[in-house]
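The values are calculated or read from the model by the stated rules, or taken from the named source; none is laboratory data. Computed from a predicted model, the values in this text were never measured in an experiment. Ideal geometry is used to build each Cβ from the backbone, glycine not excepted, and the neighbour counts take in all protein chains shown.
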Amino acid sequence: MRKILGNNSKNIDLNFDEVEKGFTKQEAINESKRCLSCKHKPCVSGCPVKIEIPEFIKEILNDDIPSSYRIITKYNLLPAICGRVCPQKKQCQMRCVRGKKGRPVSIGKLERYVADNHNEEICKENGKVKSLGMKVAVVGSGPSGLVCAGELLKLGFEVTIYEALHKIGGVLTYGIPKFRLPQKILEGEIEKIRRLGVNIVTNIVIGKTLSIDDLFESGYRAVYIACGAGLPKFMGIPGEKLPGVCCANEFLTRINLMYANIDGYDTPMPKAKDIVVIGGGNVAMDVARCAKRLKNSNVTVLYRRKEEDMPARKEEVLHAKSEGINFVFSGKPTKIVGDKKVEGIEYVDNSIPISNLGNLLKCDFIIVAIGNMPNTIIKSTTDEIKCDFSGRIIVNNSENDFRTSKKYVYAGGDIVTGAATVILAMSAGKKAAQQIYNDLIVCGDA
Ligand code: FAD
Ligand code: SF4
Ligand code: SF4
């Protein structure tokens, strides 16, 4: 077992302002000059939505940001978000030839620079879209639903998004903390899709308030389900139901949607001194960094494997350490202790083959951040949409067409893949929109 103490000695002033700063104009130009405009564009093949990367970078060098933005938004409707939260190092930048002998071009940061420095609207194919006179419903307003809606509008459909919560954006809004994705940026991106003409209805749970069949009966010709994977996983150990234990989604929602971090809001949040976050992924890092900002408490991440096994991005772990967060590695939780409320968590040392010796981490608040599963609420109202054993909707992946087992019902994003990434969810929304167009208009079999 390895313990790492965060940088507690420094008096760090933590708040919810964005941590990663963007490029200045000069920095963006210098970085763009590093792009070799490779003929075979390996970087493009690493991007799930296939942005013409060298072309948009060339326009930065020409100081033509509107043109650069138009190139990007032909492929990606949410560039200010992707430039910030995409796992670029495993995608476009991983394929960049510059990376073979040094540092790859900072493609994500350049995309963010363009998105943050333009005044363009998203193009509706030169503003000349002919209405197809057909309505399509989208369930869920996360990145997959938003992009599917935007692409359908660009193709000429009338689109309504049905969202269960009172605010749109899915995990972008209720999950990802503001110090990684500022509210102003997120709202600006969503507003651009809204201005394409999408109708948005909030506080409607499809599967409860309305069924999928209700949607067809009210005139929709197709439905795209993008309701994500928002059902938290728990560990199944004694004490998990004690007051003072909550899941990552609940904790983040209280901050992002209910402003528990701002004085004057009456959102309940325990006044905890010692907080333990269980998990080792990106969500656990987001939770720990929010917890540290909330009360300036002692925050410890308890992870069951070694540091090198952590699924979290390295830079997020480094941020967490520099912000004063402690880590306990190879610690497998066995029991949450306490009488009427949490008093600590027991764990065994996973690095010792047979370890029956319990260790105790004293704490008064525990946040479980070990992953999410799909919510089965839609499946519970219809047998026609087939799901796998874990609740993910099964789509016709062999043809990559996003069709479910029910005719004219399509699905994509986390509800199909399980918890994944923003750009994969967006890519699914984009491809599904094209498939809906092919099925309803090109084949004309509706
Ligand atoms: P979601 O974003 O989950 O949106 C689904 C929407 O559907 C929600 O608004 C929900 O309220 C609504 N909904 C659900 N059921 C219904 C219903 N029955 N009726 C109507 N509406 C419904 N990915 C990255 O690429 N980079 C990151 O940095 C990153 N950080 C993350 C941090 C956190 C804390 C979390 C939880 C995830 C993170 N992810 C990240 C993953 C990423 O956010 C998801 O993969 C992505 O949001 C999935 O998009 P989606 O549209 O499929 O679903
Ligand atoms: Fe890279 Fe993501 Fe932008 Fe594609 S969308 S170019 S993967 S940062
Ligand atoms: Fe530019 Fe790298 Fe893409 Fe080549 S691989 S075009 S250097 S971003």
* Structure fact -> Going through region 34-86 in order, the residues found to be under 30 Å from Val283 (Cα atoms), assigned to a helix (DSSP H, G or I) and among the β-branched types (Val, Ile, Thr) are Val44, Ile53, Ile72, Thr73, Ile81, Val85
* Asked: Phe56: buried (at least 19 other Cβ atoms within 10 Å of the Cβ) and farther than 24 Å from Ala428 by Cα, yes or no?
  -> no
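For Ile168, are the conditions met, namely being touching a Leu at 6+ places or on another chain (Cβ under 8 Å) and surrounded by 17 or more Cβ atoms within 10 Å (Cβ to Cβ)? Before you say what the answer is, go through the steps one by one.
Working: touching a Leu at 6+ places or on another chain (Cβ under 8 Å): yes; surrounded by 17 or more Cβ atoms within 10 Å (Cβ to Cβ): yes.
Spelling it out, Ile168 is indeed touching a Leu at 6+ places or on another chain (Cβ under 8 Å) and surrounded by 17 or more Cβ atoms within 10 Å (Cβ to Cβ).
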* Out of Gly170, Gly133, Gly175, report the one residue that is more than 14 Å from ligand 2 (Cβ to nearest atom) and either of a type in the set (Lys, Arg) or touching a helix residue (DSSP H, G or I) at 6+ places or on another chain (Cβ under 6 Å) (or both). => Gly175
* Asked: Quick check: is even one residue across region 226-243 in contact with a helix residue (DSSP H, G or I) (Cβ under 7 Å, 6 or more places away or on another chain), surrounded by 14 or more Cβ atoms within 10 Å (Cβ to Cβ) and more than 30 Å from Lys292 (Cβ to Cβ)?
  -> yes
* To do: Go through Val198, Val245, Val171, Val205 for me and flag whichever is within 29 Å of Pro268 (Cβ to Cβ) and more than 21 Å from the chain's Cα centre (by Cα).
  => Val245
* Structure fact -> Filtering region 220-242 for residues that are under 23 Å from Lys431 (Cα atoms) and over 26 Å from the mean Cα position of the chain (by Cα) leaves a count of 2
* Asked: Does Gly142 fit the bill of being under 23 Å from Lys74 (Cα atoms) and surrounded by fewer than 20 Cβ atoms within 10 Å (Cβ to Cβ)?
  -> no
* Asked: So which residues in region 359-377 are farther than 19 Å from Val245 by Cα and touching a helix residue (DSSP H, G or I) at 6+ places or on another chain (Cβ under 7 Å), if there are any at all?
  -> Pro374
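Please find, among Lys50, Lys41, the residue that is modelled with pLDDT of 95 or more, on the phi > 0 side of the Ramachandran plot and within 9 Å of ligand 2 (Cβ to nearest atom).
So the residue among Lys50, Lys41 that is modelled with pLDDT of 95 or more, on the phi > 0 side of the Ramachandran plot and within 9 Å of ligand 2 (Cβ to nearest atom) is Lys50.
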* Structure fact -> For region 370-389, pairs from a residue that is touching a residue at least 24 places away in the same chain (Cβ under 8 Å) to a residue that is among the basic types (Lys, Arg) and not in a loop (DSSP other than H, G, I, E, B), with Cβ under 8 Å and 6 or more apart or across chains, are Ile385/Lys379
* Assess whether Ala425 counts as being within 14 Å of the chain's Cα centre (by Cα), surrounded by fewer than 17 Cβ atoms within 10 Å (Cβ to Cβ) and aliphatic (A, V, I, L, M). => no
* Can you name the residue in region 99-109 that is surrounded by 15 or more Cβ atoms within 10 Å (Cβ to Cβ) and in a helix (DSSP H, G or I) and is also nearest to ligand 3 (Cβ to nearest atom) among such residues? -> Ile107
* Structure fact -> Ile29 fails exactly one of (1) within 13 Å of ligand 2 (Cβ to nearest atom); (2) aliphatic (A, V, I, L, M); (3) in a helix (DSSP H, G or I), namely (1)
* Structure fact -> Taking region 46-79 and keeping only residues that are closer than 13 Å to Asn117 by Cβ and not β-branched (Val, Ile, Thr), one is left with Phe56, Glu59, Asp63, Asp64, Pro66, Ser67, Ser68, Tyr69, Pro79
* Answer yes if at least one residue in region 336-349 is in a loop (DSSP other than H, G, I, E, B) and either within 16 Å of ligand 3 (Cβ to nearest atom) or within 18 Å of Val301 (Cβ to Cβ) (or both), and no otherwise. => no
* Asked: Looking at Cys96, Cys82, Cys43, which is the one that is more than 10 Å from ligand 3 (Cβ to nearest atom), buried (at least 22 other Cβ atoms within 10 Å of the Cβ) and either over 15 Å from Arg112 (Cα atoms) or in contact (Cβ under 8 Å) with a residue 24 or more places away in the chain (or both)?
  -> Cys82
* Would you mind stating whether Phe234 is of a type in the set (Phe, Trp, Tyr), out of contact with any Lys or Arg (no Cβ under 7 Å at 6 or more places or on another chain) and in a helix (DSSP H, G or I)? => no
